[in-house]
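In what follows, a structure is listed as structure tokens, so that the remarks can point back to it.
The values are calculated or read from the model by the stated rules, or taken from the named source; none is laboratory data. All of these numbers come straight from a predicted model, not from anything done at the bench. We work out accessible area using only protein heavy atoms, side chains counted, and drop any ligands, DNA or RNA first. Shrake-Rupley method; radii C 1.70, N 1.55, O 1.52, S 1.80 Å.
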Amino acid sequence: MDMFDISEVARRTGLTTRALRFYEARGLVKPLRTAAGRRLFGEGELARLHAIGALKRAGFTLTEIARLLADRKVDLSRLVAAQIAALEVQATRIAETMGMLHIIQTRIDRGERIGVATLCSLIRQGEKTMEQENWRQVSERYLTDEARTDFAASYAQLPADFDQQAYSAQWAALTRRIEAALPMDPASAEAQHFFEEWQALLAPFTAIATPAMGAAVTRMYDDIDAWKGEQAPPFSSAVWDFIRQVGAARSSA
């Protein structure tokens, strides 16, 4: 029987070695181990990884995939129907963007002068729409009905002068500094300072978040490696793992 090490499996599947280790930790695959601790994947595990990839592309969550691969009772009709509905929404948004571009093209063909600034603005608008849709599709996989309702109600609680663009820029700056400082001892003074900055930036969310909302967000970011190919996360899994480690260290202190 052919056996493959983790680098060969990564080459054959297009997955990163980190993702493979993550799938193993979630119990989706169970490679053999050599005496030296090297992972070896057989043909069966390789087939499971290809199946995981196909199911992920269809929009199933890792929890749903685990149940499907374990052959446990699953309401497949409901899962497929939900994914079809999500894709239909995405198709509608794409059609709207295409319609906008066709209108611009018609105006250009008629000889109208469309400034680059106007065109870029319209393109950015289309990209923002698609990004929002991507985020919606990713987050929907982790929201319970309660969390979904709570999120819908929470938007009205944000301050009227809340600047989302500036807020996002603050997060980007903080996560870049953390990424540059890794690896770091979670118990170190530097780690504690980063954690306190993180919590301070999180304050607008924690002020309005219900337990259901917090649990959904935590589940989503615990699963970063599963969806980062669909929507770029605001920070890497390494940064998230670090923050979780610091939080755990503080809780046990």
> Round to a whole number: what % of the accessible area of the range 1-43 belongs to carbon and sulfur, probe 1.4 Å?
Replying inline: 50 percent
> How large is the accessible surface per residue of the range 160-242, computed with a 1.4 Å probe and reported in Å² as a whole number?
Replying inline: 51 Å²
> So between Ser168 and Val116, what do we pick up on full extension, going 0.36 nm a residue minus the alpha carbon distance?
Replying inline: 16.1 nm
>> Given the whole protein assembly as supplied and a 1.4 Å probe, what does the accessible area of Ile108 come to in Å², nearest 10?
In response: 80 Å²
>> In whole percent, and with a 1.4 Å probe on the protein chains, what portion of the accessible area of the range 162-253 is carbon and sulfur?
In response: 58 percent
